[in-house]
Structure formats: C-alpha cells, structure tokens
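Below: the structure, in structure tokens.
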C-alpha cells in the first residue's frame, strides 16, 4: 500500500465510510429480525410468562392480614409472642375498629379462611366474631367483649398466628409445601400424621423413574430394530409408533381404563384362558400399576423417537470392525454400539422424565389415590381447597425441578434440535 | 440385524427370532389399546368389554347406538361445537405469530437469540398443570378467566412453540440467495416473501399449524381450569365422562378422534415428503 492511500478510509459509492455502512446494514438486519420476533415475544410474555411470574409472586404474597386488619397489625408490633398471655386492651380496641370495617366489607371471612390454613378453627372464630361485632359496646372494654364472643381470643396461639402472618410476604406456603411449619421456636417439621407433601414429592419422583426405566426397556429394542431395518420396512413400522404419539391423550387413557378394569378386556381374557379365576380378578386400575402402565404407553414414543434419531447416525462399520477383530455379538454391542447410543438414552430419558413428573390427567383418571402425583395435589388446591398460595408454592417447586432438568436436556441435545414426528 | 448371515450359529438364530418376537410384543403394546376401542365402540350393550355376541360376530352384538348418542346428545354436541370454535382461532393466532417469529429467528444476526428462543419455547417445557395454575390465577385477575378469548389465547400460547420448531426446521434448508436474487430483480420485501419464501416454507407452516391445532384440540388441563361451563370442549367432556359417569359414548368419540389422528398423520407425512422434495433434500 502506498503512502497516499494508507491514511484513507475505504468508502462506499455515496462517500460514507465502508465500516459505518456495514454497521448500519447489520443494525438494520438485526432490527428487522427483532421486528419480526417482537409480536410473538410480546404475545408469549403477556399470555404465558406473566401468568407464571404471577404464580411465583403468589407463592410468597401475603397482604391479606395487613390489608384487612391494618391497625391491629401495628398494635401487635409491641406484643411479645413469647409472653405467654394474650395482648392487652389496646390491641383489642384496634381489632374492634378493623373488624367493624372488615365485617362491613365482608372481607373478614376471607381472612378467616386464609388463616385457617395455618391453624384450624380460625375460620369459624372470625365468622362467629363477625356476627357479634355489631352488638358490641363501642365504649369498651373490648378485651372482655371479645373473650365473651369467643374464648379463642384469649389464647396465645391465635395471636401468635396473627402476628406471624402479618408481614406482607411469607415463606409459610413454601414451608407447608415441604411439610414444615414455623412456630415461635423456629422452623420444624410438622407432626408425622400431617406430613403429605414430602411423601408425595417422593412418590412422584419414584413413579417417574419407574416409568422412565420401563420406557427405556421397551423403547430401546424398538428404536434399534427401526434403525437397522431397510428404510421401507422401518417407515411402515414407524407408523405404529407415530399413531399412538398422535392419538389424543384422553383416547389412550380411556383405552387403558377399558382394558385394565376388573370387568375389562384383560381380566376377561385372563379368566377365559383360565389363568385366574373369576373371583380373583386382578386389580390393575386406580392404583400405581394403572398409572405406570398407562403412562409408559403414553410416553413411550417420546423415548423411541430420540433414540431412533441417534441410532440412525451410528455407523454400522464400527460394529463390523469389532466383530472382525473377534468380538462376540454381545461384546460388539455392549462395548462398541451401546456407548454410542448413550446420548440418545440421555435425551429420551430426560424428556420422558420431564413429561412424567408434571403429568396430571392420566394419574387423575387411572391412579386412584395411591397412584397420584404432586400435580394432582396442585389441582386439588386450586379447585377444591382454594389454598392458592400453597398451590403456587408447590407449582413453583415443580417448575424449578423441571427447569433444572431441562437445562440438562439442553446440554445433551440442545433446544434447537428438538424434533417433532 | 436386517438379515441373518448363512454362517449364523443356532444361538444367533434363536436370538434373531426372539428379538423380533420381543419387538412384536412391544409394538402390540403400543398399538393394541388404540385398536381395541374401535370394535368396542360398536358394542350393542353398555359394556366396556366384548360380549359373547360380539365374539361370535353376531350382527346383533354390534350397533351404532353410541355414535347416535354422540351426534344427538346436546352435551356432546355443545362440546364438539366449542372445540371447533376454539381450536381454529388458537391455530390462526399461533401460526401467524409463530411463522413471523421463526423467519425473524432464522436471520443471521439476531441479538439475544438463545434467550428469546428459551422464552418462546417455554410453553412447551413448563408442565401443563403449572401453566394452567399460573394462567388461572393471572387470567382471573384480568377478567379473562371463564371466557372464550381466555381459552383461545392460552391455547395459542401453548401452540406457538410447535409452529416455531417446524417452521425453523424448514428454514434451515432455505437458500438465502433466492431472496437476494428476487431483490436484485426488483422485488420488494413483501413480494419476495409471498412469491419466493412462502411457497418454499409452506409445508413447514402447515405442519406447524396442524401441531398447533392438535395441541388445542386435545388440550384438557388448561381449559379445565381456565374455561367455564360455556367453554366445555370435547376433551373436557371426555375427562368428566371418564371420571364420573363412564358412558360408552366415550368410546365412540375416541374412535372418531383416532380417525382424525390418522388423517392428520397422513397429511403431515405427505407434507414432510413434499417439503424435502422442494428443498432438494431427497430426490423424488
């Protein structure tokens, strides 16, 4: 390069520096990509991400005590929950003011049911007091009048619960979700007969592992066969895998309900071939067996498809080389072929496991009481017990588990490599 | 594996056939539950098992009465109508947004591509019960719970990941020089999109739309929480039917749905072949 051009900047035809021009073109391309993505991103954030964030928020939110009984919460700040006696007159006066407003707005029953999750009996306490509040003497003394309305107002436990749940945010739902509770002495496990969630998480985990293993045992031979048959035959057999994959979940669940019932097809067949007597029909539904069989069937294609796509890429020459060097069929398979199929096993197993631990419909319909998952409990809290905070806390824990597993999946396969059908 | 060499030992031969028998049994496990409901749906009795007449192939053992019930019962008809109203609306939303985004994502320079992709794919990853819980809480805050549009929006969100994945897959083989060629001959971006890009990616768009449709059409968990009695869909009706009063009409509905999935599967396979041919991945 000569001295004359060394200091000069390359320019485009219209005289702008080439570098700036390129940067502008790149920026425009980026912008165009973002404009195309923006509508969907906005849509998903509004319709999907926001609800999930809302759920996370709900699992710690606890504004109801402070909103319904604002003066009482302030008055309670000076009360020592370890004092062993109920608060003084001043707190009861504040409670009277708050409750009078709450009863007017009919919000006291909602507060009652909220606190009832923490200590049974509070709901009826609030209802009962709510009915009496209008007949109370406005001049006081309030403590005696409240104690007259219900003795529970004199108990320290009632006030401990009130004080404990007066902050706007609480870890109470999460503690309940792991069968723990917070007493004035700190965090402790609930009594044995009230523990359900740790057990339920354990069962969800256990059943999901069993389902994943059965899917692997059944899926591996099928994927192996499909990957090694001539394309024409394997395409035909693939239909047998894809048809269940495409059939509605409820159709498959109803099919299993029909098959597994005590008066169902399988039992009838077993009785007919005299394997079992009519009186000893097998109980295969509304228990764990039902859940495992039906969910293995439903999730099997999710194991076969990733396994198949990995096995398809394994070159047959490795196994041939092993055999030509004197390996037996088994050694060639176990030492040469199997290690190459491990990524497929990883992908399939993680996928099946992720899908299994969040399943709701199938356990609900064929699981009875012993075959249900944590998701069934979440559904119960949303629609029956209306303890939304606890449902949100359980959901958050399940979500975290799934996201961690998904990162593992992403490591093995990558999100972009998810293939359908 | 495909064929047995002539020098195979007896043990190898035994294993060769044993393996096929095992695979046959697993295939049977996969397909039998789906096939068994087809004959049972023609049962003349209200039983869920084969009657003696059915096993003897006596025509009196078979009837269309469960199908009749499906087509005349107002509950089932209302459910069918709701499904037919909800699924297409959700499909259109999911396909329109999803296709645009997939085209955007396939450009060469997309900032924060991984993060955006993670957000867009998330409805497919998060367990349905959690999506349902979150949407129920959130949609009841903003007054969408129990409305037609609430269910449609939720189903559209659940369907978009499938559209993105299928369309992105078709775009992987897309030759960018075609767009440049069109532009160099004076076509504006809109013309280029509809005349050049769209015909090539249409198989991916249609199969994405089918996935979105089936996602909405089969979905029960979210609609169970988000919908009110007015949005009762076919899967919902089946779910309550299975849980409470198990009526054989369910088998008739299930058989019809199997027929639908066979049709969908065929269409998808044809689309896949067409797409591969268009992109020149396989000859013929």
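A short reminder: the numbers here are calculations on the coordinates, not readings from a lab. The structure presented is a predicted model; accordingly, all values stated were derived computationally and were not measured. Glycine also receives a Cβ, built like all others from the backbone with ideal geometry; neighbour counts cover every protein chain displayed.
For region A:64-168, the normalised intensity computed at q = 0.15, 0.16, 0.19 Å⁻¹ comes to -0.53, -0.61, -0.90 (log10 of I(q)/I(0), Debye sum over alpha carbons, equal scatterers, no solvent). Note: relative contact order over chain A, using C-alpha pairs below 8 Å and six or more positions apart, is 17 percent. If R0 is taken as 51 Å, the Cβ-Cβ distance between residue A:206 and residue A:9 corresponds to a FRET efficiency of 0.15. The Cα center of region B:177-192 and the Cα center of region A:226-262 differ in position by 45 Å.
Cα-based radius of gyration for region B:74-278, normalised by 2.2 N^0.38 Å, reads 1.16. With Cα atoms defining each centre, region A:153-171 and region A:283-303 are spaced 45 Å apart in the structure.
In region A:1-159, Cα pairs under 8 Å separated by at least six residues give a relative contact order of 18 percent.
Highest GNM mean-square fluctuation, chain A, Cα pairs closer than 10 Å: which of A:218, A:250, A:22? Taking springs between Cα atoms under 10 Å, the residue moving most is A:22.
What list do you get for A:284, A:55, B:185 if you sort them by fewest beta carbons within 10 Å? If you can, show how the numbers build up before the last one.
On the way: A:284 20, A:55 24, B:185 8.
Least crowded to most crowded, the residues run B:185, A:284, A:55.
Between residue B:29 and residue A:405, what FRET efficiency comes out of the Förster formula 1/(1 + (r/R0)^6) with R0 = 22 Å and r the beta carbon distance, rounded to 0.05? Numbers along the way, then the final one.
Details: r = 26 Å, r/R0 = 1.20.
Working from the Cβ atoms, E equals 0.25.
Cβ-to-Cβ counts within 10 Å put A:385, B:216, A:248 in ascending order as A:385, A:248, B:216, the fewest first.
Treating each Cα of region A:201-245 as an identical point scatterer and summing with the Debye formula, the log10 of I(q)/I(0) at q = 0.15, 0.16, 0.31 Å⁻¹ comes to -0.50, -0.54, -1.03.
For residue B:113 and residue A:23, FRET efficiency with R0 = 22 Å and r from the beta-carbon atoms, rounded to 0.05? Let's see the in-between values first.
Working: r = 19 Å, r/R0 = 0.87.
Calculated value: 0.70.
Put a dot 7 Å past the Cα of residue B:179, heading toward its Cβ, do the same for residue A:110, and the two dots end up 5.1 nm apart.
Would you work out the relative contact order for region A:264-419, in percent, from Cα pairs under 8 angstrom that are 6 or more residues apart?
28
Among B:9, A:370, B:255, a tally of other beta-carbon atoms within 10 Å of each Cβ gives an order, fewest to most, of B:9, A:370, B:255. Here region B:10-61 is treated as an ellipsoid with the same Cα gyration tensor; its semi-axes, largest first and in whole Å, are 36, 12, 6.
In chain A, the longest principal axis of the Cα atoms and the axis of helix A:374-383 are about 50 degrees apart.
The C-alpha radius of gyration of the protein assembly as shown, expressed as a fraction of 2.2 N^0.38 Å, stands at 1.17. Between the C-alpha center of region A:173-221 and that of region A:23-81 there is a gap of 28 Å. Dimensions of chain A from C-alpha coordinates, computed as largest minus smallest value along each principal axis and given longest first, are 100, 99, 37 Å. Share of pairwise Cα-Cα distances greater than 24 Å in region A:122-241 is 62 percent (whole percent). Label zone (residue B:51, point 7 Å along Cα-to-C-beta; backbone nitrogen cut-off 19 Å) within region A:255-269: A:258-259, A:263-266, A:268-269.
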